[in-house]
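K.L.:
One structure, as structure tokens, below. Some questions next.
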Amino acid sequence: MRAGRGRPEVWNLSVPCASVDPMTEYTAPVGAPVWIDLSSNDVEKSVDFYRAVFGWEADPPAPEFGGYRNFRVNGAMVAGLMAAQQEGMPDMWSVYLRTDDADASLAAAGSAGGTVVVPVADVGDLGRFGFFIDPAGAAIGVWQPGTHAGFAERGVPGTPYWFDCMSADYAASSAFYRTVFGWDYEEVGTGGDPDAIGPDRYSQVMVAGPDGAAQGVAGIMDAKPLFDSGAFGAGMSSFWQVYITVDDVAAAGERITAAGGTVVQPGEVTPWGTLAAARDANGGFFCYATPPAGM
């Protein structure tokens, strides 16, 4: 699997994710995030950092897959790690969406205005993947599982919590993912209410779970005001961001700092949990969160 683009210097914390229920066992439904991985300029430094912060253990490098490694928590695979593929590229996290037909998904992405940057390729018997950039500029991958089903836990400490697309073109992003992946949306933004907490426009992505019931798996935020203000830095395009679950945001921040990282946004208590953001010891951007009490 291969990573996407860079990450911003700052992050907006107002992210609705109200229907995320902490769970242990997890199987991603079609169209939902199924895997995350980190492209790193110093793999061993990344291994040490994420072990110290989240308790992740890294598998030995797989030479047949270019030295790709898997992080594990509770014995289950939770994320991937690989050496940066291009000199000068910053460390970055990428998100992959579950598909049952990677070729069809990338063809649909191209037809809907996306740009394929990594054509579909086999990863042994583990599965098939590809990578594209959506019409608003956000890079994201697809994963067609073989023997590798993706991360197996979600919403418990050390596992993914949430994923969202910070879009510079909310309408284009929403239309694109609906066309390519059949996403339905639940608009949960404030609509511009100055007394409400959260972004003006934010769509929670709803897909059918194993029981056929709709479940929230990700979100798309109208981040154009932030891009226009320069909050993400000059030349920054839309991007996907990853949240990792922690049981105590303040304590996680202390671990991040002790391990050589930097807390970009300290914990903010919201109706959707306590949310924070940081850069790891190599500068890779990620978010972390504690679910709301009682969830």
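K.L.:
Is there a quick way to get the dipole size of region 41-177? I mean about its Cα centre, with the Cβ of Lys and Arg at +1 and of Asp and Glu at -1; what is the value in debye to the nearest 20? Kindly include the intermediate steps, with their values, before the conclusion.
P.N.:
Values: 7 positive and 17 negative charges, 50 e Å.
Here the size comes out at about 240 debye.
K.L.:
Only four residue types carry charge here, +1 at the Cβ of Lys and Arg and -1 at the Cβ of Asp and Glu. Report the dipole size of region 37-115 about the Cα centre in Debye, rounded to the nearest 20.
P.N.:
Values: 5 positive and 12 negative charges, 44 e Å.
The calculated dipole for region 37-115 is roughly 220 debye.
K.L.:
Grab the eigenvalues of the alpha-carbon gyration tensor for region 91-147, scale each by 5, take roots, and send me the semi-axes largest first in whole angstrom. Please list the in-between numbers first.
P.N.:
Working: eigenvalues 69, 36, 14 Å².
Over the Cα atoms of region 91-147, the semi-axes work out to 19, 13, 8 Å.
K.L.:
Taking springs between alpha-carbon atoms closer than 10 angstrom, which of 91, 101, 211 fluctuates most in the Gaussian network model of the chain?
P.N.:
Of 91, 101, 211, the most mobile in the Gaussian network model is 211.
K.L.:
In whole angstrom, note down how far apart the Cα centers of region 78-147 and region 222-295 are.
P.N.:
Cα centroid to Cα centroid, the span is 23 Å.
K.L.:
Want the number for residue 269 to residue 254: 0.36 nm per residue separation, take away the alpha-carbon distance, what's left? Mind dumping the intermediate values first?
P.N.:
Working: separation 15, 0.36 × 15 = 5.40 nm, distance 1.73 nm.
Contour length minus the Cα-Cα distance gives 3.7 nm.
K.L.:
So how strong a dipole does the chain carry about its Cα centre when Lys and Arg Cβ are +1 and Asp and Glu Cβ are -1, to the nearest 20 debye? Display every interim value, and only then the final one.
P.N.:
Numbers: 15 positive and 35 negative charges, 75 e Å.
With Lys and Arg at +1 and Asp and Glu at -1, about 360 debye.
K.L.:
Let me ask another. Mind telling me which of 166, 206, 221 comes out most flexible in a GNM of the chain, alpha-carbon contacts under 10 Å?
P.N.:
206
K.L.:
Please work out the average accessible area per residue across the chain, using the 1.4 Å probe convention, and give it in Å². Can you show the working numbers first?
P.N.:
On the way: 11460 Å² over 295 residues.
In whole numbers, the chain has 39 Å² accessible per residue.
K.L.:
While we're on this one: Out of 175, 149, 276, any idea which swings most in a Gaussian network model of the chain, alpha carbons joined below 10 Å?
P.N.:
The residue with the greatest mean-square fluctuation here is 175.
K.L.:
Could you list which residues have their amide H under 5 Å from that of residue 264, counting only those 5 or more apart in sequence or on another chain, with H placed in the peptide plane?
P.N.:
277, 278, 279
K.L.:
Carbon and sulfur atoms: what percent of the 1.4 Å accessible area of the chain do they account for?
P.N.:
Numbers: 5810 of 11460 Å².
About 51 percent, which is the carbon plus sulfur part of the accessible surface.
The values are calculated or read from the model by the stated rules, or taken from the named source; none is laboratory data. What you are looking at is a predicted structure, and each value in this text was computed from that prediction instead of being measured. With ideal geometry, Cβ positions are generated from the backbone for all residues, glycine too; neighbour counts draw on all protein chains shown. The accessibility values were calculated without ligands, DNA or RNA, using every heavy atom of the protein model including side chains. Shrake-Rupley method; radii C 1.70, N 1.55, O 1.52, S 1.80 Å.
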